[in-house]
Amino acid sequence: MARPRGTGSLYQRKDSAVWWIKYHRNGRSFRESTRTEDKRIATRILGKRLAEISTNTFVGPTHERITVGELADDLFRDYRINGRKTTDDVQTRWRLHIEPFFGSRRVIEVTSDLVAKYVDHRQSEQASNATINREMAALKRMFRIGMFATPPKVFRLPKFPKLTEDNIRTGFLEDAQYRKLIAYCPDLWFQTIVEMGRTYGWRISELINLKVGQIDVAARTIRLEPGTTKNKDGREVTMTANIHALLTQCVAGKSADSAVLTRPDGKPVRDFRETWANACKSAGVPGLLFHDLRRTAARNLRRAGIAEGVIMKIGGWRTRSVFERYAIVSQTDIAEALKKLEMQ
């Protein structure tokens, strides 16, 4: 056996010429193969371990073998346990983009420089900053879960950048366009989802997941339960005359746990992207997003003199900064305002 060096030592087993190292940390003994027959290299490895112990950066040989793929498994389990609605989305992001770059890498290899290289790689693939930010958020969440695990799987958290997003919303649905839109698809479900979207500014997921039990036709109210919305807040709104008439037909003869929006064959509405795209093209607004109805609803409510705080409650905007990103004053509103100024 080699002569001890500080709190560690080198030795060789009888059946192998490979050098092993032995060292202690907090009273615990560690033995580790250096995988080399060169004593000088083995000595450097031992010195590296002792330096890590003295500077409190030691993670140990077992933790050095943990891969980012293992952290991803922990993330998916966390999403399942907490019933996160974005589980499928984060798994897709991992499978298509994050895993090919990080999956087989060891956690200790992931540095801020490597993360920056990933961002550069994704931008070269023409991924938007918003998309990259979602991927960075998933990766950061993986590392934070690993850091707070028992025992910890992550000892150092790299810097994950947050890129500037050009996420100002664009597009409005004007009344004439609305009439053309629903003329293309006169189905009850389509008329209802468009009317509710442009009236309340609710998200697609909030609309297609509506159950009959959330509709009170007699009281003319619609209720979104706490925890079922994006910001987890509950909401209750009063029906307009048009929405009352549409929803009365939608819920007729259905049980409380049935979907409100169903196709003529009775199947719940889930994906209507093709119908929406064709309807928008027919209405002369190709490229209009259903999400633009949130801007339309906010603008219409503001025009009606509704206080912004109330508009935010109706549409589910939690913060003023997010609400302002929707830029809900249209060019027509500005032109009308200047016309009124000239008339003074």
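In this structure, does E206 turn out to be more than 25 Å from T67 (Cβ to Cβ) and surrounded by fewer than 17 Cβ atoms within 10 Å (Cβ to Cβ)?
No.
Only one of these conditions is not met by A297: (1) in a helix (DSSP H, G or I); (2) farther than 20 Å from S205 by Cα; (3) small (G, A, S). Which number is it?
Status for A297: all satisfied but (2).
Taking segment 130-153 as the search range and keeping residues that are farther than 18 Å from S112 by Cβ and part of a helix (DSSP H, G or I), which one is nearest to the chain's Cα centre (by Cα)?
R134
Look through segment 289-313, keep the residues that are within 24 Å of the chain's Cα centre (by Cα), touching a residue at least 24 places away in the same chain (Cβ under 8 Å) and open to solvent by 20 Å² or more (accessible area, probe 1.4 Å), and return whichever of them is nearest to F323 (Cα to Cα).
Here the answer is K313.
Select from segment 20-65 the residues that are of a type in the set (D, E, K, R), more than 14 Å from T7 (Cβ to Cβ), at pLDDT 80 or above and part of a helix (DSSP H, G or I) and list them in ascending order.
K39, R40, R44
For segment 170-230, list the helices (runs of 4 or more DSSP H) that sit wholly inside it and hold at least 2 residues that are at pLDDT 95 or above; which are they?
188-200
Just wondering, is there one or more residues in segment 76-92 that are touching a residue at least 12 places away in the same chain (Cβ under 8 Å), buried (at least 16 other Cβ atoms within 10 Å of the Cβ), part of a loop (DSSP other than H, G, I, E, B) and of a type in the set (A, V, I, L, M, F, W, C)?
Within segment 76-92 (the criterion being touching a residue at least 12 places away in the same chain (Cβ under 8 Å), buried (at least 16 other Cβ atoms within 10 Å of the Cβ), part of a loop (DSSP other than H, G, I, E, B) and of a type in the set (A, V, I, L, M, F, W, C)), the answer is no, since none of the residues qualifies.
If I filter segment 230-242 for residues that are more than 20 Å from I311 (Cβ to Cβ), open to solvent by less than 30 Å² (accessible area, probe 1.4 Å), without any contact (Cβ under 8 Å) to a residue 60 or more places away in the chain and touching a helix residue (DSSP H, G or I) at 6+ places or on another chain (Cβ under 9 Å), do I get at least one hit?
no
Does P100 satisfy the condition of being part of a helix (DSSP H, G or I), farther than 20 Å from Y79 by Cβ and open to solvent by 70 Å² or more (accessible area, probe 1.4 Å)?
Against the criterion (part of a helix (DSSP H, G or I), farther than 20 Å from Y79 by Cβ and open to solvent by 70 Å² or more (accessible area, probe 1.4 Å)), P100 qualifies.
Quick one: E274 ticks every box in (1) surrounded by 15 or more Cβ atoms within 10 Å (Cβ to Cβ); (2) closer than 19 Å to Y184 by Cβ bar one, so which box is it?
Among (1) surrounded by 15 or more Cβ atoms within 10 Å (Cβ to Cβ); (2) closer than 19 Å to Y184 by Cβ, E274 violates only (1).
Can you tell me which residue is surrounded by the fewest Cβ atoms within 10 Å (Cβ to Cβ) among those in segment 109-145 that are of a type in the set (S, T, N, Q) and at negative phi?
In this case the residue turns out to be S124.
The values are calculated or read from the model by the stated rules, or taken from the named source; none is laboratory data. Predicted model only: the values in this text are computed from it and were never measured. Positions of Cβ are backbone-derived with ideal geometry, glycine not excepted, and every protein chain shown enters the neighbour counts. Ligands, DNA and RNA are excluded from the accessible area calculation, which covers all protein heavy atoms including side chains. Shrake-Rupley method; radii C 1.70, N 1.55, O 1.52, S 1.80 Å.
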